[in-house]
Amino acid sequence: MKLALSLAVVLAALLAWEYGVLAAEMPEYLLPAPSVIFKKFWQTLPVQMEHLAVTAATTLAGLVMALVAGVALALVVTYVKPLQSVILPLFAAFNGIPKIAIAPLLVTWLGLGAEPKVLLAFLLALFPVFVNAATGLSEIQPDILDLARLFGGTELRIFWKVRLMNAVPYLSDAVKVAFPLALVGSIVGEFIGGNRGVGYLILSAQSNLDTPLVFASLLSITLFTSAGTSAVMLFEKLFLEWRPSRQR
Amino acid sequence: MPTAISVRSLQKTFARQIAIDGLSFEVDANEFVALVGPSGCGKSTTLRIVAGLERPSSGMVRASGETVDGPVRNAAMVFQAPVLLPWRRTLSNVLFAAEMRGKRPGAFRERAKELIVLTGLDGFEHNYPHELSGGMQQRVAICRALLLDPTLLLMDEPFGALDVMTREKMGFELQRIWSETKNTVLFVTHSITEAVLLSDKVIVMTPRPGRAKAVVPVDLARPRDVGTLKDPAFVELCAAVREAL
Ligand SMILES: Nc1ncnc2c1ncn2[C@@H]1O[C@H](COP(=O)(O)OP(=O)(O)OP(=O)(O)O)[C@@H](O)[C@H]1O
Ligand SMILES: [Mg+2]
């Protein structure tokens with residue numbers, strides 16, 4: 001029912017767009033009609049998928065690196081309390097730098113290959129992963145930790161069976177934020193240099209005034225983000241049934 | 001009888017107040033002792049200190065002859081709130097005790113199931129805590145505490161969230177388990193009847209800052225059952241505890 005309703009809304013919007021463009025005799029390079037976009041998308045599908053694969057690989061590489069590094073840093077902050085006062089302000093300062101602004105610098109240092117793009121995706125995704133992981137590892141009802149210790153729990157057992165489990169939903173939330181950020185990192189990286197990826201495709205289409213191709217590329221990206229969102233939702237459905245937010 | 005717990009001149013000060021001031025009492029091995037007192041007098045704090053989860057400000061606490069300076073070995077606790085892991089289902093929450101002790105949970109599965117049946121939770125083995133009522137959650141916590149046959153069982157109002165009938169039944173069930181395993185039980189309750197019905201002696205605490213005001217020995221025959229409630233000696237003991245409070 002809900003699905004049918006949203007489909008109807010989308011369909012109505014597309015129809016309005018299609019006939020609005022037609023009625024206003026809008027030139028194609030300003031705003032192409034949906035039918036034109038879909039046709040373009042279909043015609044350029046192999047190229048689209050080739051570039052999308054590059055962007056997807058960059059994004060996922062950056063995201064995975066951010067997950068590993070973010071959780072590792074969170075572990076340090078959780079277990080080595082003295083380092084907490086060193087790392088946290090540094091991180092806050094680091095987060096104050098707009099990472100997009102240093103993208104050209106990364107290209108200067110790392111060239112036109114995949115490296116600056118992955119790094120940019122990583123840098124953008126790192127902060128939310130770190131913050132959520134640190135919260136998830138430490139925000140545990142003190143009574144639970146007391147009880148675990150009373151039963152003879154060692155720090156290692158408590159880590160695997162309490163802290164890490166407690167952090168899982170926080171990490172899943174982190175991915176929801178970090179995934180689109182990593183994607184932004186990849187695309188901006190592709191805008192700035194190189195000749196691969198959806199970002200490059202959009203930029204070159206735009207310079208040829210091939211607006212339908214720009215829109216078709218946006219459609220490719222949307223497919224990728226929907227796949228990512230669905231993956232996270234599936235994970236939550238499978239493993240986070242117990243989540244407090246689902247209570248009552 | 002060897003002494004299981006010995007508390008001497010215990011004092012506990014928090015930032016804003018003195019919670020316990022000069023509390024002393026002893027619990028013999030295999031003894032079932034009830035701790036009663038007005039709300040805020042330091043009962044939960046006492047249990048936490050005896051378990052080694054909290055440091056006394058001054059005074060001495062010994063468990064099985066050793067000075068307590070960390071979580072006491074072979075002890076288990078039922079907190080005033082259930083304190084379950086929200087991501088674990090009933091059975092797995094009960095088995096958590098074994099896993100923390102470093103035991104293979106498989107070896108305790110049968111025992112865990114027995115306890116679950118005993119506490120009337122059968123059919124709910126695979127529910128998450130948020131799918132259980134407060135009283136059911138508390139019973140899961142009781143199963144978890146009993147799983148490893150602790151030599152020292154600390155219970156903080158374990159039946160507080162239960163209806164009268166279930167509460168009575170659980171009390172007798174606890175009495176049976178205790179008489180079979182012969183562990184030492186320190187039991188906090190707000191119910192005078194429950195305290196007298198289950199225990200060998202009742203320690204009555206003063207209002208905050210808590211001290212032992214009176215110790216009422218309960219020498220009623222065991223096993224005790226619903227009939228005990230009508231025993232004149234029982235009624236008299238209840239009156240004595242009420243008097244002391
Ligand atoms: N962690 C804490 N920090 C500060 N004060 C505390 C802390 N824990 C307990 N207190 C204080 O110590 C006193 C005793 O608390 P405690 O929880 O032991 O009481 P209680 O006898 O268990 O009460 P109740 O019957 O209501 O459960 C209270 O005044 C409480 O405010
Ligand atoms: Mg209490």
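The values are calculated or read from the model by the stated rules, or taken from the named source; none is laboratory data. Nothing here was measured: the structure is a model prediction, and the numbers come from that model. Neighbour counts run over all protein chains shown; Cβ positions are idealised from the backbone, glycine included.
Taking (1) touching a Lys or Arg at 6+ places or on another chain (Cβ under 9 Å); (2) over 30 Å from A:A167 (Cβ atoms); (3) at pLDDT 95 or above in turn, A:A53 satisfies each apart from (1). The listed residues are B:G42, B:G59, and the only one of them that is within 16 Å of ligand 2 (Cβ to nearest atom) and buried (at least 16 other Cβ atoms within 10 Å of the Cβ) turns out to be B:G42.
Quick one: would you say B:F96 is modelled with pLDDT under 95 and closer than 30 Å to B:S39 by Cβ? Judged against the criteria, B:F96 is not a match. Tallying residues that are within 11 Å of chain A (Cβ to nearest Cβ) and under 24 Å from B:G210 (Cα atoms) within segment B:51-89 yields 14. Would you check if there is a residue in segment B:153-176 being at pLDDT 95 or above, surrounded by 22 or more Cβ atoms within 10 Å (Cβ to Cβ) and away from ligand 2 (no atom under 16 Å from the Cβ)? Within segment B:153-176, one or more residues are at pLDDT 95 or above, surrounded by 22 or more Cβ atoms within 10 Å (Cβ to Cβ) and away from ligand 2 (no atom under 16 Å from the Cβ).
Taken across segment B:35-48, residues that are at pLDDT 95 or above, assigned to a strand (DSSP E or B), within 15 Å of ligand 1 (Cβ to nearest atom) and within 19 Å of B:V216 (Cα to Cα) do occur, with at least one present.
Only residues that are closer than 30 Å to B:V7 by Cα and in a helix (DSSP H, G or I): list them for segment B:215-241, please.
B:A233, B:F234, B:V235, B:E236, B:L237, B:C238, B:A239, B:A240, B:V241
Mind checking whether some residue in segment B:50-57 is within 16 Å of ligand 1 (Cβ to nearest atom) and closer than 18 Å to B:S199 by Cα? The answer is no; no qualifying residue exists.
Of note, B:S92 does not satisfy the criterion of being assigned to a strand (DSSP E or B), more than 16 Å from ligand 2 (Cβ to nearest atom) and surrounded by fewer than 21 Cβ atoms within 10 Å (Cβ to Cβ). Looking across segment B:64-89, the residues that are aliphatic (A, V, I, L, M) and part of a loop (DSSP other than H, G, I, E, B) come down to B:V68, B:V72, B:A81, B:V83, B:L84, B:L85.
One residue stands out among those in segment B:190-203 that are surrounded by fewer than 24 Cβ atoms within 10 Å (Cβ to Cβ) and within 16 Å of ligand 1 (Cβ to nearest atom): the one that is farthest from the other protein chains (Cβ to nearest Cβ), which is B:I192. Screening B:D156 against (1) away from chain A (no Cβ under 14 Å); (2) of a type in the set (D, E); (3) within 16 Å of ligand 1 (Cβ to nearest atom) leaves a single unmet condition, (1). Examine segment A:86-100 for a residue that is buried (at least 16 other Cβ atoms within 10 Å of the Cβ) and free of Cβ contacts under 8 Å to residues at least 60 places away in the same chain, and state whether such a residue exists. Checked against the condition, which is being buried (at least 16 other Cβ atoms within 10 Å of the Cβ) and free of Cβ contacts under 8 Å to residues at least 60 places away in the same chain, segment A:86-100 yields at least one hit. Scan segment A:187-197 for residues that are surrounded by 24 or more Cβ atoms within 10 Å (Cβ to Cβ) and closer than 15 Å to A:E50 by Cβ and the total you get is 2.
Out of B:M60, B:M1, one residue alone is over 19 Å from the mean Cα position of the chain (by Cα) and part of a loop (DSSP other than H, G, I, E, B). It is B:M1.
Considered as a group, the residues in segment B:13-39 that are within 16 Å of ligand 2 (Cβ to nearest atom) and not hydrophobic (A, V, I, L, M, F, W, C) include one that is farthest from the other protein chains (Cβ to nearest Cβ), and that residue is B:P38. For A:F224, the conditions (1) surrounded by 14 or more Cβ atoms within 10 Å (Cβ to Cβ); (2) without any contact (Cβ under 8 Å) to a residue 60 or more places away in the chain; (3) of a type in the set (A, V, I, L, M, F, W, C) are fulfilled apart from (2). In segment B:90-130, the qualifying residues are those that are out of contact with any helix residue (DSSP H, G or I) (no Cβ under 8 Å at 6 or more places or on another chain) and closer than 18 Å to B:L162 by Cβ, and the one that is farthest from the other protein chains (Cβ to nearest Cβ) is B:V117. The condition of being under 25 Å from A:A121 (Cβ atoms) and of a type outside the set (D, E, K, R) holds for only one of A:A53, A:A13, that being A:A53.
The helices (runs of 4 or more DSSP H) found wholly in segment A:131-195 and carrying at least 2 residues that are touching a strand residue (DSSP E or B) at 6+ places or on another chain (Cβ under 8 Å) and within 12 Å of another protein chain (Cβ to nearest Cβ) occupy A:142-150. The requirement of being within 16 Å of ligand 1 (Cβ to nearest atom), surrounded by fewer than 17 Cβ atoms within 10 Å (Cβ to Cβ) and either within 30 Å of B:S133 (Cα to Cα) or more than 15 Å from the chain's Cα centre (by Cα) (or both) is satisfied by B:T13.
With respect to B:A97, determine if the residue is part of a helix (DSSP H, G or I) and within 23 Å of A:F239 (Cα to Cα).
On the way: part of a helix (DSSP H, G or I): yes; within 23 Å of A:F239 (Cα to Cα): yes.
Judged against the criteria, B:A97 is a match.
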